[in-house]
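The values are calculated or read from the model by the stated rules, or taken from the named source; none is laboratory data. Values in this document were obtained by computation on a predicted structure and should not be read as measured data. Using ideal geometry, Cβ is built from the backbone for each residue, glycine included, and neighbour counts are taken over all protein chains shown.
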Amino acid sequence: MKFVKFYTVLFASTLMITACNKEKLDPNSVFVDSTIEKNPLDNYIYNNYVLNYNIDILYKFVDKESDQNYNLLPASYNSSIRLTKLFKYLGFEPYDDITGSKAFIKRYFPKVINYIGEAAYRNNGTKILGTAEGAKKITLYEVNRLTATTGANADFLTDSYFHTIHHEFQHILNQTTEFPTSFRSISGNTYVDDLWVSNWATPGAAIAAGFISPYASSSDKEDFAELYSFYITLSATQFNAMLNVTGSTAAGRTIINNKIVAVKNYMLSVWNIDMDLLRANIIARKANLVNFDQTTL
Amino acid sequence: MKRNYYLLLLIPCFLFAACDKKRERVFEDSPTERLNAAVANAQTILKSKPNGWIMQYFPGDNAQYGGANLFVNFTSNADVNVQADYVSSNVTSTYKVYPGAGPILTFDTYNSIFGFFAAPGAISQQVNNDVGLGGDIEFLVMKATADSVILKGRKRGNRIVLVPMPAGSATVITNYKTSYARFYSPNSYRFETAKGQTELEFGWFNSLLSMTTTYSVRATETGVSFYAESEIDGIKFKDLTYKPATTAYPNGYYDNAAGTVKLVPVF
Ligand SMILES: [Zn+2]
């Protein structure tokens, strides 16, 4: 047994799950100790997040703030620096630019951002990549995968963190002002709930059924958040490639495009945000990633 | 199985909490003051050793995978340097002592030396997908004095002892690493007593398995130590001392003070 390594056969078929818990955050659960020396990241977070956005980042592991059902690893200090700088650059500043101030993020974004080093794994090999608890806290996993190499890869950053961040943020906007019930009628009774895991043989099959991703087929709320996040974080070329993947159909694309129109209308009429301008801002930032300093605090 | 166990624990916890509120306060200072004092004491003790501590670390439910020696040095109120017998890494990360059910010691940024034990198995390639070796990174400080610190893992409940690292820590660490390599290099082991031999094979990490029993082993400077008092053929033992090679035992062996139990490496 000593020499037998444990390889997870299931790992190959690992499913990326964005779970959306609705637990309440205990306002007294964050312990602050003034006797602990502040390091450069602590100071950066205070000056850039707390003062500007009234948002705190828990990059040091706080057991009570984390899902105690799982074995979780803390985030590393160096990866936390990168994600903290990138979070502002790719997560907050596009909204600041489009809305004209920091007030939008300050008012609506969750007050606590929690970093976890690796994903939360279930015994069946599936893992959790992000959770949002009400409007209070967003938890990001696999922070330790962020390195000098992956940090320079805009697609990696989108897939690993920023798709989740914008997806969860959309849920929070929806909790403040619901999207029109007419959105749900577009895909009607074709949502498959938990069966999204096994219902689609390929991503193309989901597209053919009018869903931007398999997870989007789980409910209208997830569909709405997935459409929003994929649309604003991918270039038009990347988004079109997704819609035209093997197995997709023109009929499915039409359904998705109709739903995109509904998401855009909601963002413009309720939040005064033009998703095409927001997308252009994010895509420009991704293109300029090579010039962005991720390590200097 | 595990779920049921926790459910059973919940009920007495509620009862205890209910009773606790009615108990009259007999101490002069408030519970909060006492807790803060305990936190401050634990912090001061941990930081008081210029050479740091030798942490006798055991992961997993019931410490079933054997243990390691972690060499931890609390160099400031936030930073901790960690080395270990099982790996050559030397890693600095952060820690904190904060009030909970008592003083809680947490290693709160990633450190690969703790990470190997604490990672989900999908990451560490140990045991299973979710729990892995099940190593704690948060501990309740049960006792903190100048000569030892006793911790209890918050998830697994294992007793973890810290003893001061003596002067000349570089040599001590080298000795531990040599001892670790000597223990880990055989393919398997066997116990020998007057009653006969018992074959053992390695389980995960540093555990030795007979047909009926799991032995949780940690290498020491002089030999090996077991997590709890163990037994073979009715003979009880906890620490065994390494004896160099003889004609009958060309790879040496470990034995107890009475010489009634031998742990013999098999290559
Ligand atoms: Zn969601």
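Summary table below
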{"quantity": "Unmet criterion (only one of (1) of a type in the set (A, V, I, L, M, F, W, C); (2) assigned to a strand (DSSP E or B); (3) in contact (Cβ under 8 Å) with a residue 60 or more places away in the chain) for B:W204", "calculated": "(2)"}
{"quantity": "Residue check for A:G130: within 19 Å of A:A75 (Cα to Cα), within 16 Å of the ligand (Cβ to nearest atom) and modelled with pLDDT under 95", "calculated": "yes"}
{"quantity": "Criterion (out of contact with any helix residue (DSSP H, G or I) (no Cβ under 8 Å at 6 or more places or on another chain), among the small types (G, A, S) and either surrounded by 13 or more Cβ atoms within 10 Å (Cβ to Cβ) or at pLDDT 95 or above (or both)) met by exactly one of B:A228, B:A219, B:A245", "calculated": "B:A245"}
{"quantity": "Segment A:44-81: number of residues that are at negative phi, out of contact with any Phe, Trp or Tyr (no Cβ under 6 Å at 6 or more places or on another chain) and away from chain B (no Cβ under 13 Å)", "calculated": "11"}
{"quantity": "Test: residue in segment B:145-166 that is at positive phi, touching an Asp or Glu at 6+ places or on another chain (Cβ under 7 Å) and in the same structural domain as B:S88 (by TED's automatic domain parsing)", "calculated": "no"}
{"quantity": "Test set (1) away from every other protein chain (no Cβ under 14 Å); (2) surrounded by 23 or more Cβ atoms within 10 Å (Cβ to Cβ); (3) not β-branched (V, I, T) - B:F114 fails condition number", "calculated": "(1)"}
{"quantity": "Options A:N272, A:N281: the member that is under 23 Å from A:I98 (Cβ atoms) and either acidic (D, E) or exposed (fewer than 14 other Cβ atoms within 10 Å of the Cβ) (or both)", "calculated": "A:N272"}
{"quantity": "Matching entry among B:L70, B:L162, B:L151 (being away from chain A (no Cβ under 11 Å), touching a residue at least 12 places away in the same chain (Cβ under 8 Å) and touching a Ser or Thr at 6+ places or on another chain (Cβ under 7 Å))", "calculated": "B:L162"}
{"quantity": "Test: A:A216 is outside any loop (DSSP other than H, G, I, E, B) and away from the ligand (no atom under 13 Å from the Cβ)", "calculated": "no"}
{"quantity": "Filter result for B:G121 (surrounded by 23 or more Cβ atoms within 10 Å (Cβ to Cβ) and within 7 Å of chain A (Cβ to nearest Cβ))", "calculated": "no"}
{"quantity": "Subset of segment B:23-56 that is modelled with pLDDT of 95 or more and assigned to a loop (DSSP other than H, G, I, E, B) - its residue that is nearest to B:F71 (Cα to Cα)", "calculated": "B:G52"}
{"quantity": "Checklist (1) under 26 Å from A:T295 (Cα atoms); (2) more than 15 Å from the ligand (Cβ to nearest atom); (3) touching a strand residue (DSSP E or B) at 6+ places or on another chain (Cβ under 7 Å) applied to A:N144, failing item", "calculated": "(3)"}
{"quantity": "Scope segment A:155-182; condition more than 15 Å from the ligand (Cβ to nearest atom), touching a residue at least 40 places away in the same chain (Cβ under 8 Å) and either over 29 Å from A:K111 (Cα atoms) or touching a helix residue (DSSP H, G or I) at 6+ places or on another chain (Cβ under 6 Å) (or both); matching residues", "calculated": "A:T158, A:T177, A:S182"}
